[in-house]
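The values are calculated or read from the model by the stated rules, or taken from the named source; none is laboratory data. This structure is a prediction, so every number in the text was calculated from the model and none was measured. We place every Cβ from the backbone using ideal geometry, glycine too, and count neighbours over all the protein chains shown. In case anyone asks, the SASA skips ligands and DNA or RNA and just uses the protein heavy atoms, side chains included. Shrake-Rupley method; radii C 1.70, N 1.55, O 1.52, S 1.80 Å.
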Amino acid sequence: MRGKSLVITLLLIFLLSIQVLVTANNDRDDEPPSIFSHKDIQIEPHHQIERLLVSSANAVVAGRIMEGAIIVDGNLTVLPGAEIHGKIIILGGQLTNYSGNDLEEVPWVVSPAKSPFTRIVLGGLMLLVVASLIVIPYLLWLIFHFASRFPTFVHIKDRLLEIRNRWPFFYIAITLVVSAAMLILFGVLAWKTIFRQATGIFDSAFIWLIRYFASSELDRIMITITNLGFGFSYGVIVFITISTLVALRRWIELKGLTICLLGGSALNEMLKRLFERARPEAFQIVAESGFSFPSGHAMVSLCFYGIVAFLIVRKRSLHWRIAGAIVAVLLILAIGISRIYLGVHYPSDVIAGYVAGATWLGFSISLIMWWEQERERKQKDNKIT
């Protein structure tokens, strides 16, 4: 009970510190913005930006860029008096460089090809992300499988099992440390997103990336996926999960699942009202109300599907654990991407939702492990008496 009270106290302290930062935010210094555009753009003289990213459009620079420029499927014109510090990369375009400007590095220019570089870059990025989510976990499994042939690895593994058996609360402490780390990371994201407003170019570029292949068919698919994070489909899955735990009389897991879901939802609503970030207004395929930061779908789906995956695979082999983790991660990522695609969240909202959800998920898992250890201790005491 003391550990639970300590975590709740730390959470309240974190929320209060965020509120103090919100109050002090009016005193922050202005920083040059970063710009992403998929329309023709011109940086006027005496204008200063941090970095420039342009896709399928042309850019004219007469001002100052601090950390480089990337132009994909477009041309870059650098006028006299302009300054560009950092790397200049042009994929599928041309550079017009007038005398009298200041380029810190030699530009890297790839001339236009038959196929637009934008599709090549986006397709490559998507394939890389999907392949990484599938290949990396199994690569780690192969490494562990190969390492099990060496006596040193086996000795370390046996030592960790001995520690777990002798001090079962050690793994609970590790889970709480991970949860605390996620809490700190959420604070950093909130600071950069809300207070420093440093995620504008990331949000704009990622929204454009997700919407690049938009179509009416994809709209319907994304609506179906988003309903797995909250809606009728989500409700059916939650009902089946709870009914299964009740039928199996797994009361500790049911209690942990309930705390994870209800606590995660309450925490998300609290954070939304604390930050009060408006939703994107460029387009919305589905109607949503309320504030945007952090994403409720992302946070709640990570809590629910994360704890379900934990309950299903935790006592199975490493191979099944990896497979379960891959399925859960892909589903949770798909739900978050659907929120961005449908125009109801910024990418930074979704990432913050994942981090906040991971914080509460880690806390909920630690509670389940703690309750199970207490049950085992009481069973041992009853046998002795």
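Between Ser233 and Asp102, the contour length at 0.36 nm per residue exceeds the alpha carbon distance by 41.5 nm. In a simple Cβ point-charge model (Lys, Arg +1; Asp, Glu -1; nothing else charged), segment 54-106 has a dipole of about 100 debye relative to its Cα centre. Counting only Cβ charges, +1 for Lys and Arg and -1 for Asp and Glu, the dipole size of segment 242-376 around its Cα centre is about 380 debye.
Ranking of Asp219, Asp40, Asp102 by solvent-accessible surface, largest first: Asp40, Asp102, Asp219 (1.4 Å probe, protein heavy atoms only, all chains present).
Basic side chains Lys and Arg get +1 at the Cβ, acidic Asp and Glu get -1 at the Cβ, and with that the dipole of segment 215-281 about its Cα centre reaches some 300 debye. If you take the Cα centroid of segment 71-108 and the Cα centroid of segment 282-314, the two points sit 41 Å apart.
Computed on protein heavy atoms with a 1.4 Å probe, the accessible areas place His46, His345 in the order His46, His345, largest first. The candidates Arg339, Arg273, Arg314, Arg51, arranged from most to least accessible area with a 1.4 Å probe in the full protein assembly, appear as Arg273, Arg51, Arg314, Arg339.
For Phe275, the solvent-accessible surface with a 1.4 Å probe is about 20 Å², rounded to the nearest 10.
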